[in-house]
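Just below is one structure, and these are the notes that go with it.
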Amino acid sequence: MNETRTALPDRGRTPGEILAELGSLGGRDPDYRHGRAWSLVYWLDEAYDEFLSRAYRSYSSANGLNPTAFQSLKRLESGIVAAVARLLHGPPETCGVVTSGGTESCLLAVKTYRDLARASRGVRRPEMILPATAHVAWFKASEYFDVAAKLLPLDTDFRVDLRGLEGRVNRNTVMILGSAPEYPHGMVDPIEAMGAIAATRGVPMHVDACVGGFILPFMEMNGVTLASWDYRVPGVTSISADLHKYGYAAKGASTITYRNLELLKHQMFVYQDWPGGVFASPALLGTRPGGAYAAAWAALQYFGIEGYRELARRTSRAFASLRAGIEAMPELRVFGDPPGPLLSYGAREPGFGIYAVGDLLEARGWQVNRLQFPEGLHAMVTAKHEDSVDAFLDDLRDAVAAVKADPSLARRGSAATYGLMANVPLRGMVKRRVLEAFAGMYAPGGGALDLSASTADDATDDERPGSARHSLIERLILWWSSRR
């Protein structure tokens with residue numbers, strides 16, 4: 001897109017021209033329509049996409065800021081929350097709100113339990129106990145709301161080690177977190193054991209089911225055995241569950257529910273002295289997009305329990321195929337024993353360039369995420385992947401063979417960047433350098449962040465240190481390499 005198109009034009013353009021340009025911008029985006037993206041998007045087909053778009057458009061101008069104005073949106077929200085409460089085995093008193101996404105839901109839980117502890121126990125230095133695998137949104141909430149995160153380590157099987165949990169609970173503990181499942185390895189935390197400790201110590205417990213909330217219940221209905229992880233566990237006081245993941249709603253729609261209204265009250269904001277009038281808000285956002293409510297409600301109505309069970313069956317089949325294919329490769333191993341739908345995998349032996357495997361997969365049109373601690377690749381398996389998992393495994397086998405034949409691939413491209421960032425011990429320095437690079441994307445004229453890194457041997461003249469094209473990430477690599 002040329003620069004004149006990024007600014008406000010002097011004269012308006014035709015709808016056809018604008019829509020054509022919007023369509024052309026996605027040429028380098030992940031090809032989710034053919035099941036080649038392993039995160040970010042939950043997509044079924046064009047017909048369902050059009051249905052969601054129509055549902056969204058029907059309320060695209062409606063605003064959920066004032067529930068007394070758009071009473072239709074409040075009815076939709078109440079229906080969504082009731083459906084989620086039923087799905088998660090909530091008691092009749094279960095209540096909650098629709099949010100803009102999982103991050104907002106997680107932030108709200110931390111804010112709620114901080115304020116509850118402040119009001120009921122006078123806590124001034126709040127802490128929360130998180131597994132090391134908690135989603136990064138919880139660390140964002142820690143920073144935003146000044147609630148210190150106390151971490152539980154993992155055992156050798158990538159499960160949360162609970163031996164230190166009870167000892168970490170003190171008068172400043174405002175909440176305990178468990179995930180169903182956690183993002184990095186797809187494991188469901190031992191919610192029953194954690195909930196028992198939380199109940200005994202009188203501490204609220206939140207379950208982050210942003211990923212699992214709309215697939216784990218249907219996997220259980222389909223016969224998959226899972227330990228209790230929802231409101232069936234007495235110590236669980238709240239749960240977050242995303243509709244725009246395995247609920248297949250439009251972005252962005254999530255929920256946070258609480259066991260009772262007294263807990264939810266601490267999430268709400270009221271300001272009575274504003275010249276504009278008394279203001280009340282149930283969540284973080286002021287304006288709340290009505291289209292997201294309508295599309296979420298429409299998705300629930302479209303699938304129903306049987307529809308979601310079928311999506312779960314398809315997802316489980318794709319997950320099983322992917323896992324079996326990876327485990328059949330002697331160079332690779334699956335991390336832990338995840339039930340689905342998330343799976344991560346890495347090298348069986350140290351030194352194998354798993355990030356180079358990721359680079360080769362992306363060169364063939366697959367979008368894959370990288371993990372660190374240990375180094376690995378990650379997949380969020382959906383029903384759509386049932387159509388593409390065999391092709392992915394073929395390319396994965398080829399990529400593994402190529403890296404095995406040429407280990408130098410691990411020192412090229414983004415593999416070098418990811419490998420370095422996972423192993424630099426000065427984590428504060430990594431944070432500062434990544435912040436610089438990331439912030440550059442939002443400077444005037446900023447573009448996408450390029451994680452590829454040239455080595456000294458294959459860099460061209462304009463890629464060498466000091467050149468205009470030499471990225472901050474590349475400088476990080478060269479800075480660290482010169483000190484090793």
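Taking L284, is it closer than 25 Å to Y56 by Cβ and part of a loop (DSSP other than H, G, I, E, B)?
Yes: the conditions hold for L284.
Please pick out the residue among P330, P350, P275 that is open to solvent by 30 Å² or more (accessible area, probe 1.4 Å), under 20 Å from D157 (Cβ atoms) and either under 20 Å from the mean Cα position of the chain (by Cα) or free of Cβ contacts under 8 Å to residues at least 60 places away in the same chain (or both).
P350
Output the number of the condition that C95 fails; it satisfies all remaining conditions of (1) surrounded by fewer than 24 Cβ atoms within 10 Å (Cβ to Cβ); (2) under 25 Å from P184 (Cβ atoms); (3) hydrophobic (A, V, I, L, M, F, W, C).
Only one criterion in (1) surrounded by fewer than 24 Cβ atoms within 10 Å (Cβ to Cβ); (2) under 25 Å from P184 (Cβ atoms); (3) hydrophobic (A, V, I, L, M, F, W, C) is unmet by C95, namely (2).
Could you check T156 against (1) farther than 20 Å from F139 by Cβ; (2) of a type in the set (S, T, Y); (3) modelled with pLDDT of 95 or more and say which number it fails?
Just one mismatch for T156, condition (3).
Output the residues belonging to the stretch 7-35 that are of a type in the set (D, E, K, R) and either open to solvent by 50 Å² or more (accessible area, probe 1.4 Å) or under 20 Å from A250 (Cβ atoms) (or both).
Answer for the stretch 7-35, where residues must be of a type in the set (D, E, K, R) and either open to solvent by 50 Å² or more (accessible area, probe 1.4 Å) or under 20 Å from A250 (Cβ atoms) (or both): D10, R11, R13, E17, R28, D29, D31, R33.
State all residues of the stretch 333-342 that are outside any loop (DSSP other than H, G, I, E, B) and crowded, with 22+ Cβ neighbours inside 10 Å; if no residue qualifies, say none.
Result: L342, single match.
If you check G235 against the conditions, is it touching a Phe, Trp or Tyr at 6+ places or on another chain (Cβ under 8 Å) and not hydrophobic (A, V, I, L, M, F, W, C)?
Answer is no for this residue.
Tell me whether the stretch 250-262 contains one or more residues that are of a type outside the set (V, I, T), open to solvent by 10 Å² or more (accessible area, probe 1.4 Å) and over 22 Å from L76 (Cα atoms).
Within the stretch 250-262, one or more residues are of a type outside the set (V, I, T), open to solvent by 10 Å² or more (accessible area, probe 1.4 Å) and over 22 Å from L76 (Cα atoms).
Could you list, in sequence order, all residues of the stretch 202-235 that are open to solvent by 40 Å² or more (accessible area, probe 1.4 Å) and among the aliphatic types (A, V, I, L, M)?
M221, V224, A227
Quick grid of which residues meet (1) touching a Phe, Trp or Tyr at 6+ places or on another chain (Cβ under 7 Å); (2) β-branched (V, I, T):
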{"position": "L151", "(1), (2)": "no, no"}
{"position": "F158", "(1), (2)": "yes, no"}
{"position": "V169", "(1), (2)": "no, yes"}
{"position": "N172", "(1), (2)": "no, no"}
{"position": "L177", "(1), (2)": "yes, no"}
{"position": "N222", "(1), (2)": "no, no"}
{"position": "A227", "(1), (2)": "no, no"}
{"position": "K251", "(1), (2)": "no, no"}
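Could you go through the stretch 380-387 and let me know if any residue there is more than 18 Å from V211 (Cβ to Cβ), open to solvent by 10 Å² or more (accessible area, probe 1.4 Å) and out of contact with any helix residue (DSSP H, G or I) (no Cβ under 8 Å at 6 or more places or on another chain).
no
Could you tell me how many of the residues in the stretch 47-80 are more than 16 Å from A280 (Cα to Cα), touching a helix residue (DSSP H, G or I) at 6+ places or on another chain (Cβ under 8 Å) and open to solvent by 60 Å² or more (accessible area, probe 1.4 Å)?
7
Do you know which of the residues in the stretch 157-198 that are of a type in the set (K, R) and free of Cβ contacts under 8 Å to residues at least 40 places away in the same chain is surrounded by the most Cβ atoms within 10 Å (Cβ to Cβ)?
Per the criteria, the residue is R168.
Taking the stretch 283-310 on its own, how many of its residues are among the acidic types (D, E) and open to solvent by less than 10 Å² (accessible area, probe 1.4 Å)?
0
Exactly one condition in (1) farther than 14 Å from G325 by Cβ; (2) surrounded by fewer than 20 Cβ atoms within 10 Å (Cβ to Cβ) is false for D394; which is it?
Every condition holds for D394 apart from (1).
Within the stretch 315-327, track down each residue that is in contact (Cβ under 8 Å) with a residue 60 or more places away in the chain and open to solvent by 60 Å² or more (accessible area, probe 1.4 Å).
R317, the sole residue that qualifies.
The values are calculated or read from the model by the stated rules, or taken from the named source; none is laboratory data. None of the values given here were measured: they were computed from a predicted structure. Cβ: placed from backbone, ideal geometry, glycine included. Neighbour counts: every protein chain shown. Side chains included, ligands, DNA and RNA excluded: accessible areas come from the protein's heavy atoms. Shrake-Rupley method; radii C 1.70, N 1.55, O 1.52, S 1.80 Å.
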